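> Before I ask anything, here is the structure I am working with.
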Amino acid sequence: MPDPIEVRKVPIESVTDASGLERLITDGVIEAHRVLAVIGKTEGNGGVNDYTRILADRAFREVLARHGHPAPDTVPLVWSGGTDGVLSPHATVFATTGDAPATDEPRLSVGVAMSDVILPEDIGRPAMVEKVAAGVREAMKIAGIDDPRDVHYVQTKTPLLTLATITDARTRGHDTAIDETGPSMDLSNSTTALGIAVALGEIEMPRADQIHKDLSLYSSVASCSSGVELDRAQIVLVGNVRGIGGRYRIGHSVMKDALDADGIWAAIRDSGIDLPERPHPSDLRGRLVNVFMKCEADPSGRVRGRRSVMLDDSDVHWHRQIKAAVGGVAAAVTGDPAVFVSVAAVHQGPSGGGPVAAIADLG
């Protein structure tokens, strides 16, 4: 049986601020050596050259090292860049705890794993799907989860293509699925999501021509980000295990489109928080730790029958527009702008929508 989990959300007050993590440690809420993973939003542009992710990564690892974590460089720190609109930089810290109330009810469990190295020529192809799926299965074992239905959230960070890695593939006699670095972010995310879906039995192994194209294939629990920080899939799998003990529970649902506030409320209900038929943020009463979601501009160019021009805008990329829009919807639901909203959701939830996970503190 894995150890029970303590999970807390902390603000990030500047690009290199890790004081929230430090306070959790110095106040005795968590112990540095027990930190399993951190999932956070940084304030950069969210693109290939978003170095705020690297700065945050360094700041948080320095705190872990200073407080005695034996291997801070091995802790998965998954950073999603871009806090457009009202979104606020923050981090959610997951750690094991030796001080948790016993219960036979489903409670939060976390499994972290790394895939085999993902080569530049793997991105956007079945080889990457297979490597991610193997890593997800390993994370399930670590979390003590046997039934894929008990998995509610899989957050990953994977490599994207840069000019250097494209050149590397060519010097070894290989080509890459695409030659553009920016769009490779979306492609890496979508390929990873299919790997998660395969591992959890949501879909069969896709054909090469279905990757990033067949939008009927998706995972309802995948949240995939990519960047220049690593060369393999970094996997944080979150689900529920009976008998593990603790205060926290996770649930999930999907947003059917960018305005689907009911999809967010459904995930919160699934986490175990009782709500009235027409809930209000005040009904949460401090019991919601955080929500995590993916989003994308609907490829049809319409939202609830109305024309949307995000995909035609040459001034502001649609990544930033849809992130701000969904972030506003999520913040209106939770009453808190420090929510995790990440973009590029192909194969992650239904087309034009995205998956939502919610973690509740059930006391």
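The values are calculated or read from the model by the stated rules, or taken from the named source; none is laboratory data. Only a predicted model underlies this, so the values are computations on that prediction, with no experimental measurement involved. All Cβ positions, even for glycine, are placed from backbone atoms using ideal geometry, and neighbour counts span all protein chains on display. Ligands, DNA and RNA are excluded from the accessible area calculation, which covers all protein heavy atoms including side chains. Shrake-Rupley method; radii C 1.70, N 1.55, O 1.52, S 1.80 Å.
> If you restrict to DSSP beta bridges whose two residues both lie in segment 107-239, what percentage is antiparallel, to the nearest 5? Let's see the in-between values first.
Numbers: 13 of 19 bridges.
Counting DSSP beta bridges with both partners in segment 107-239, the antiparallel share is about 70 percent.
> Still on this model: Could you tell me what percent of the DSSP beta bridges with both partners in segment 5-96 are antiparallel, to the nearest 5? Walk me through the numbers on the way to the answer.
Numbers: 13 of 18 bridges.
Once the DSSP bridges in segment 5-96 are tallied, antiparallel ones form about 70 percent.
> For segment 107-239, what % of the accessible area comes from carbon and sulfur atoms, probe 1.4 Å? Display every interim value, and only then the final one.
Details: 2560 of 5060 Å².
It is 50 percent, rounded to a whole number.
> Over segment 241-363, with every protein chain in place, what whole percent of the accessible area is carbon and sulfur at 1.4 Å, could you tell me? Can you show the working numbers first?
Working: 2380 of 5130 Å².
Using a 1.4 Å probe with all protein chains present, segment 241-363 comes out at 46 percent carbon and sulfur.
> Can you give the FRET efficiency for residue 231 and residue 209, using 1/(1 + (r/R0)^6), R0 = 25 Å, r = Cβ-Cβ distance, to the nearest 0.05? Provide the component values of the computation, followed by the final result.
Numbers: r = 26 Å, r/R0 = 1.04.
Efficiency for this residue pair is about 0.45.
> Let me ask something additional. By DSSP, what percent of the beta bridges with both residues in the chain are antiparallel, rounded to the nearest 5? Each step should come with its number before you reach the end.
Working: 44 of 60 bridges.
Beta bridges within the chain, antiparallel portion: roughly 75 percent.
> Can you give the calculated 222 nm mean residue ellipticity of the chain, where each DSSP H run of n ≥ 4 adds -39,500 (n - 2.57) and the sum is split over every residue, rounded to the nearest 500 deg cm²/dmol? Provide the component values of the computation, followed by the final result.
Numbers: 7 runs with 96 residues, N = 363.
About -8500 deg cm²/dmol.
> What does the C-alpha gyration tensor say about the overall shape of segment 1-160? Classify as rounded when a/c is under 1.5, otherwise prolate if a/b is larger than b/c, or oblate. It would help to have the intermediate numbers written out before the result.
Numbers: a/c = 1.71, a/b = 1.02, b/c = 1.67.
Taking the square roots of the gyration eigenvalues as a ≥ b ≥ c, segment 1-160 is oblate.
> Can you give the accessible area per residue of the chain, in Å², using a 1.4 Å probe? Write down the numbers at each step before the final one.
On the way: 14670 Å² over 363 residues.
Computed with neighbouring chains in place, this is 40 Å² per residue.
> Excluding residue 53 itself, calculate the net charge of residues whose Cβ lies under 12 Å from the Cβ of residue 53, where each Lys or Arg counts +1 and each Asp or Glu counts -1.
On the way: positive: 41, 58, 157; negative: 43, 50, 57, 229.
My count for the surroundings of residue 53 gives -1.
> How would you order 133-144, 348-359, 245-256 from highest to lowest mean count of nearby Cβ atoms within 10 Å? Present the calculation step by step, with values, prior to reporting the outcome.
Values: 133-144: 21.2, 348-359: 26.7, 245-256: 23.2.
So the order, starting with the most tightly packed, is 348-359, 245-256, 133-144.
> If we sort 108-116, 233-241 on the protection proxy, mean other Cβ atoms within 10 Å, highest first, what's the order?
Working: 108-116: 23.1, 233-241: 26.8.
Put in order of decreasing packing, that is 233-241, 108-116.
> Also, I was wondering about something else. Run the simple label-point estimate for residue 58 and residue 300 please: 7 Å along Cα→C-beta, distance reported in nm.
Inter-label distance under the simple model: 4.6 nm.
> How large a share of the accessible area of segment 5-96, in percent, is made up of carbon and sulfur atoms when the probe is 1.4 Å and the other protein chains stay in place? Please list the in-between numbers first.
On the way: 1700 of 3480 Å².
It is 49 percent, rounded to a whole number.
> Is the shape of segment 5-96 rounded, prolate or oblate, going by the alpha carbon gyration tensor and its root eigenvalues a ≥ b ≥ c, with a/c under 1.5 for rounded and a/b larger than b/c for prolate? If you can, show how the numbers build up before the last one.
Working: a/c = 2.05, a/b = 1.63, b/c = 1.26.
Note, shape of segment 5-96 comes out prolate.
> R0 = 35 Å: FRET efficiency of residue 13 with residue 332, Cβ-based, nearest 0.05?
On the way: r = 23 Å, r/R0 = 0.67.
For R0 = 35 Å, the calculated efficiency reads 0.90.
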